[in-house]
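Read-outs: derived from the displayed coordinates by stated rules, not from any lab. Keep in mind that this is a model prediction, so the values were computed, not measured. As a convention, Cβ positions derive from the backbone with ideal geometry for all residues, glycine included, and neighbour counts pool all protein chains shown.
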Amino acid sequence: PSPADGGGLPQLPPGFRFGTSTAAYQVEGAAREDGRGPSIWDTFTHTPGRINDGSTGDVACDHYHRFSEDVALMKDLGVDGYRLSLSWSRIQPTGSGPVNAKGVDFYDRLLDELLAAGVQPMATLYHWDLPQALEDDGGWLNRATIDRFAEYAAICGERFGDRVEHWVPVNEPNVVMMMGYGIGVHAPGKALMFDALPVAHHLLLAHGRAAIALRDSVPAGTTASVGCANNHAPMWPASEDAADIGATKLFDAMWNGLFIEPMLLGRYPVDLAPLLEDVVLDGDLATIRQPLDFYGVNYYNPWKIAAAGEDAELPFEFRELLGYPTTDFGWPVVPDALREWLIMFRARFRAALPPIYITENGAAYNAGPDADGVVDDQARIDYLDGHLRAVATAVQRGVDVRGYYCWSLLDNFEWSEGYQQRFGLVHVDYESQRRTPKRSYQWYADVIAAQTRSLG
Ligand code: PNW
């Protein structure tokens, strides 16, 4: 290893932002404290049979009470960015009406502590925890939810806009559409198949309306930097068969294009526009296409797609992508696909594309501390190393990537998997709430320290 390449560590350009990422329901706990109202994830996790290990986010990492310790971990790690999400039902317990002062206080204290530690906050307004009261009125199938979201966004802009560096209105609208409303493995647990498409349109409108509300509401003298955090996965056909290629194109349009095209170009992919005709009203596409200060990409792995059989419920099928290592979650590890995807994304959208941040990337490896208390997660180091190098190469090829937020700082509540999948740089013992930095934490600290040195 030569000093020029950071002693064998990935090297990113000067000023590149290194961070970590979490979400409120996955880490906070304190589900019924200080006036927080229930969200659809409280309802979902308390419904028997929904979560693989029967767990809930009631306590999670108890970050609500332990955030100082967690910010100290970030400071020691050397990151200068943290992507968190705000719990809507902590701020507005029923999703509308007056603000819960204690909920706002919590985020005040957290944001202040982050800034004092030299960590710039990126705040997501909606990381899947819709106030249950709004779900009772139809949730994201109801256009009125968008008005409530814009009001909530304005509250957040006004209260936190002096301290939040970057805003993300909606995390992964495609996952919400598919997992929450399409197949029902996430809250609110609806399996509507193609009838879930209106959810995509409403979440896109929520994104646009929140962008407007944030920009209008941040304190005088500040400007809101607004982006997105869209999950993108390269879609690879299972064979050269026309049917498989066709199914792959359709699924690619539903997972990727359905969100990219309206946000960046103000239109739906041609193949999907007819399916949305009834829900798209005049002016909607202009509302969705707000100028973005950055484009956030959550990347984990490519998917392999095949055409489904005749009487299947959906026209596509998901196949195992063979020939690659897999994480403990079974997800294939394909760093090159991130590099290729970023290069394709820039080539295709050019001037329409703002600077990119990788707003999530990481892997589940579930080992805990050994007899010496060491969490040896070399496989996570390899995953992160490969993906950071993929980003570095994309940057060298002209893709404007400004930062990388590793998912996740801590092991946490992994949605329908419960606590069984561990994505953290820091191990969490859920009995004692003890935090143990893993080897990957030290490795990430070394990567960050090596960048600082290369700045001279
Ligand atoms: C993302 N998929 O979820 C979320 O933003 C995080 O909250 C989550 O913990 C993390 O990735 C790891 O899962 C995803 O089906 C859920 O492709 C599903 C998919 C991707 C991301």
- Note on the structure: hull vol. (C-alpha, convex hull) per residue for the range 1-122, Å³ -> 136
- Item | 17 Å cut-off, amide nitrogen to a point 7 angstrom out along residue 314 Cα→Cβ, residues in the range 246-271 | 246-259
- Message: Out of all DSSP beta bridges in the chain, what portion is antiparallel? Express it as a percent rounded to 5.
- Response: 20
- Item | When the convex hull of its Cα atoms is projected in every direction, mean area for the chain (nm²) | 21.9
- Query: Roughly how large, in nm² to one decimal, is the mean projection of the convex hull of the alpha-carbon atoms in the range 351-456?
  - Reply: 8.8
- D for the range 197-249, whole µm²/s, Stokes-Einstein with Kirkwood Rh over alpha-carbon pairs at 4 °C and 1.567 mPa s: what number? 90
- For the range 85-135, go through all pairs of different Cα atoms, get the mean of 1/r, take its inverse, and jot down that Kirkwood value in Å. 11.7
- Over all distinct alpha-carbon pairs, what is the Kirkwood Rh of the range 208-339 in angstrom? 17.1
- Item | Where Rh is the Kirkwood radius over Cα pairs, Rg/Rh for the range 3-60 | 1.31
- Query: Any idea how far the Cα center of the range 172-219 sits from the one of the range 259-333, in Å?
  - Reply: 13
- All alpha-carbon distances of the range 69-166, grouped into 5 Å bins from 0, give the whole-percent distribution 3, 13, 24, 21, 16, 11, 7, 4, 1
- Message: If each DSSP helix of 4+ residues adds -39,500 (n - 2.57) and the sum is divided by the residues in the chain, what number results at 222 nm, nearest 500 deg cm²/dmol?
- Response: -11000 deg cm²/dmol
- Dipole of the range 308-356, positive direction: furthest Cα of 309, 326, 354, with charges on the beta-carbon: 354
- Distant alpha-carbon pairs in the range 117-248 (separation over 23 angstrom), percent: 41
- Item | Local electrostatic count at residue 335 - Lys and Arg +1, Asp and Glu -1, tallied over other residues with Cβ under 12 Å | -2
- Query: How much length, in nm to one decimal, is gained on full extension between residue 68 and residue 343, taken as 0.36 nm per residue of separation minus their Cα-Cα distance?
  - Reply: 95.1 nm
- Query: Among the lysines, which have Cα under 18 Å from the Cα of residue 438 when same-chain residues fewer than 8 positions away are ignored?
  - Reply: 75
- Kirkwood radius from Cα pairs of the range 397-456 plugged into Stokes-Einstein at 25 °C, 0.890 mPa s, gives D in µm²/s equal to 181
- Just the C-alpha atoms of the range 370-416: what Rg/Rh do they give, with Rh taken as the Kirkwood radius? 1.12
- Message: How many angstrom lie between the Cα centre of the range 58-120 and the Cα centre of the range 397-415?
- Response: 18
- Within straight cross-link reach of residue 249, meaning Cα distance under 26 Å, which lysines are found once same-chain residues fewer than 8 apart are removed? 190, 304
- Diagonalise the Cα gyration tensor of the range 39-100 and give the resulting equivalent ellipsoid semi-axes, square root of 5 times each eigenvalue, largest first, whole Å. 26, 19, 10
- Count the net charge of all other residues whose Cβ sits under 14 Å from the Cβ of residue 80, scoring Lys and Arg as +1 and Asp and Glu as -1. +2
- Note down the nm distance, to one decimal, between modelled labels 7 Å out along Cα→Cβ at residue 162 and at residue 278. 4.9
- Task: Would you mind finding the longest exposed-site-free stretch of the chain, with exposed GluC sites (Glu not before Pro) meaning DSSP loop and at most 13 other Cβ atoms within 10 Å?
- Result: 1-239
